[in-house]
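Working notes for the structure below.
The values are calculated or read from the model by the stated rules, or taken from the named source; none is laboratory data. Bear in mind that the values here come from a model prediction, so they are computed numbers and not experimental data. A quick note on method: Cβ atoms are made from the backbone with ideal geometry, for glycine too, and the neighbour counts reach across all protein chains shown.
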């Protein structure tokens with residue numbers, strides 16, 4: 001019996017990439033990315049400077065978008081077909097929705113937001 005684990009890992013990585021995209025777009029000023037080397041931070045911020053990017057000149061947002069799509073494709077490719085008959089579509093939908101939510105929210109609110117801003121976000125979630 002094939003394992004569903006690789007598919008779930010790729011799906012989680014896709015949700016983390018999506019969280020990074022949202023942080024770049026909406027919360028860059030409250031993120032840990034401010035503490036990065038200037039050149040790396042400028043790569044993240046280049047999303048705001050120019051909307052005309054090409055394949056080899058991608059900013060942080062577009063790079064993580066490409067990674068997210070790649071991880072979603074890998075999650076689809078590594079998904080074992082025998083789970084469709086065992087769990088059924090509704091259960092798989094719920095499982096993958098939970099995995100996406102946990103991966104995205106843990107990344108967005110806990111991992112990539114600076115510690116001094118975390119309580120503000122966690123209060124909104126009702127965690128603290």
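What pairs can you find where one residue is in the range 71-86 and assigned to a helix (DSSP H, G or I), the other is surrounded by fewer than 17 Cβ atoms within 10 Å (Cβ to Cβ), and their Cβ atoms are less than 7 Å apart, with a gap of 6+ or different chains?
Once the first residue is assigned to a helix (DSSP H, G or I) and sits in the range 71-86, its partners that are surrounded by fewer than 17 Cβ atoms within 10 Å (Cβ to Cβ) give 82/1; 82/2; 83/92.
Give the residue that is nearest to residue 22 (Cα to Cα), with candidates limited to residues of the range 67-97 that are at pLDDT 90 or above and loosely packed, with under 11 Cβ neighbours inside 10 Å.
Filtering first and then ranking leaves 97.
How many residues does the range 16-66 contain that are in a loop (DSSP other than H, G, I, E, B) and modelled with pLDDT of 80 or more?
Qualifying residue count, the range 16-66: 2.
Hey, can you tell me all the residues within the range 3-15 that are modelled with pLDDT of 90 or more and buried (at least 17 other Cβ atoms within 10 Å of the Cβ)? Break it down into steps so the answer makes sense when it comes.
If we filter the range 3-15 for residues that are modelled with pLDDT of 90 or more, which is where we start, we get 5-15.
Selection gives 7, 8, 10, 11, 12, 13, 14, 15.
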